[in-house]
Amino acid sequence: MPAFDNHPLQNHTMTISIEEIIAYLLVAGAVFMGARAFMGGDIAGEFDAKHEPGWKRLPPVFKFFWSMSIAFEDTVGATLAKMMPLSAARYESLAKVAALPLNGKRVFACMFFLTLAMLVAGALACFAIMLLIPEMKPAWNFCVISMLAVVGWFLPGQDLAARAEHRQAELTRQLPFAIDLIGSAMRSGLDFGAAVRYYTELKSGGALEEEFTTVLNDVTMHKPFIDALRDMAKRIQLEAFTAFVGIVAYGTEIGASIADTLKRQGKDLRKMRFAYAERKAARAPSVMIVPLVCFIMPAVFIVIITPVVLKYKAMGLQEYITTH
């Protein structure tokens, strides 16, 4: 039998250097940018979304990757949504609250392409660092690429959650005034539907007017008013508005006047709003601890300690000169 002790393939292990990883990422970036340039335009109007409600409120990252998210939502987005169903359901809920033309698959597709873009950006940055600082260890380059990839993966979801929270806060601010105005219109002789239409015709702007306009459009399409309000409550996910819908539904069922009840609820909502503001103000000192410890206190220590250190160094230097 022939001996294989010195065979060139024996004990061979394949290793990939950081330079090869960067090269692969740059090639992927070239392909990505080519696809982005191809998908950037409206191909036969297929990816035109400017007519969709909420387009102007889309975060910039979703606008930039919109065409690619639409094109790959049934492939890349659907695959990632099946792998992470809880996150997909959460993104669906946040998109409804924020009133954005998104779903879980589009969010995942945007996350994928942003992560790929951040990997390419990290590869370019590491390539420039290797040219400027050849002695830089490859582990640092790997850390930079990994951190950018993590940022690219989590940024769309965090941005979507922030938009949803901002819209809920706006609805919470506008709801007490809207309930007071609707109740005043009802006490003047209007029914609930006419009072809501009166509120929308004031053109005060804001998220609540948009939601009530959607309710009136649903009613125009022969949907019962209470069902349209319940759909609105499911969209915005506010406990105060859910209670408001319950009051309206109960008053409609028994045929009682709800104007006085709405007046009392408006006062309660205003108190809840003040209590929420007080809680936010009470949290301010604890929130300020992080920037205080991370930024302000180090700067203060540098300002205080640096002259002392420089003085002792100068004294030590003078002592050395006098002794020698």
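State yes or no: is Ala299 at pLDDT 80 or above and either within 36 Å of the chain's Cα centre (by Cα) or of a type in the set (S, T, N, Q) (or both)? Can you show your working first?
Details: at pLDDT 80 or above: yes; either within 36 Å of the chain's Cα centre (by Cα) or of a type in the set (S, T, N, Q) (or both): yes.
Considered against the rule, which asks whether it is at pLDDT 80 or above and either within 36 Å of the chain's Cα centre (by Cα) or of a type in the set (S, T, N, Q) (or both), Ala299 comes out as yes.
When the residues of region 175-192 are filtered to those that are crowded, with 17+ Cβ neighbours inside 10 Å and not small (Gly, Ala, Ser), the one that is farthest from Arg90 (Cα to Cα) is Met186.
Scanning region 121-165 for residues that are in contact (Cβ under 8 Å) with a residue 40 or more places away in the chain and closer than 30 Å to Leu208 by Cβ returns Leu155, Pro156, Gly157, Asp159, Leu160, Ala161, Arg163, Ala164. Only one entry of Met147, Met232 meets the criterion of being under 22 Å from the mean Cα position of the chain (by Cα) and not assigned by TED's automatic domain parsing to the domain that holds Glu92, and that entry is Met232. Among the residues of region 216-229, is any touching a residue at least 24 places away in the same chain (Cβ under 8 Å), part of a helix (DSSP H, G or I) and under 25 Å from the mean Cα position of the chain (by Cα)? No: zero hits. Test each condition in (1) at pLDDT below 80; (2) surrounded by 10 or more Cβ atoms within 10 Å (Cβ to Cβ); (3) not assigned by TED's automatic domain parsing to the domain that holds Phe177 for Ala281 and report the one that comes out false. The single condition Ala281 does not satisfy is (2).
Being surrounded by 10 or more Cβ atoms within 10 Å (Cβ to Cβ), closer than 23 Å to Arg187 by Cβ and hydroxyl-bearing (Ser, Thr, Tyr) narrows it down to one residue among Thr252, Thr306; which is it?
Details: Thr306 fails: closer than 23 Å to Arg187 by Cβ.
Thr252 is the lone residue from the list that is surrounded by 10 or more Cβ atoms within 10 Å (Cβ to Cβ), closer than 23 Å to Arg187 by Cβ and hydroxyl-bearing (Ser, Thr, Tyr).
Just one residue in the set Ala121, Ala125 is surrounded by fewer than 17 Cβ atoms within 10 Å (Cβ to Cβ) and either touching a Cys at 6+ places or on another chain (Cβ under 8 Å) or part of a helix (DSSP H, G or I) (or both); that residue is Ala125. Answer yes or no: is there a residue in region 138-158 that is exposed (fewer than 14 other Cβ atoms within 10 Å of the Cβ) and assigned to a loop (DSSP other than H, G, I, E, B). No, every residue in region 138-158 fails to be exposed (fewer than 14 other Cβ atoms within 10 Å of the Cβ) and assigned to a loop (DSSP other than H, G, I, E, B).
The values are calculated or read from the model by the stated rules, or taken from the named source; none is laboratory data. Just so it is clear, the structure is predicted and the values come from calculations on it, not from any experiment. Neighbour counts are summed over all protein chains in view; Cβ atoms, including those assigned to glycine, are modelled from backbone coordinates with ideal geometry.
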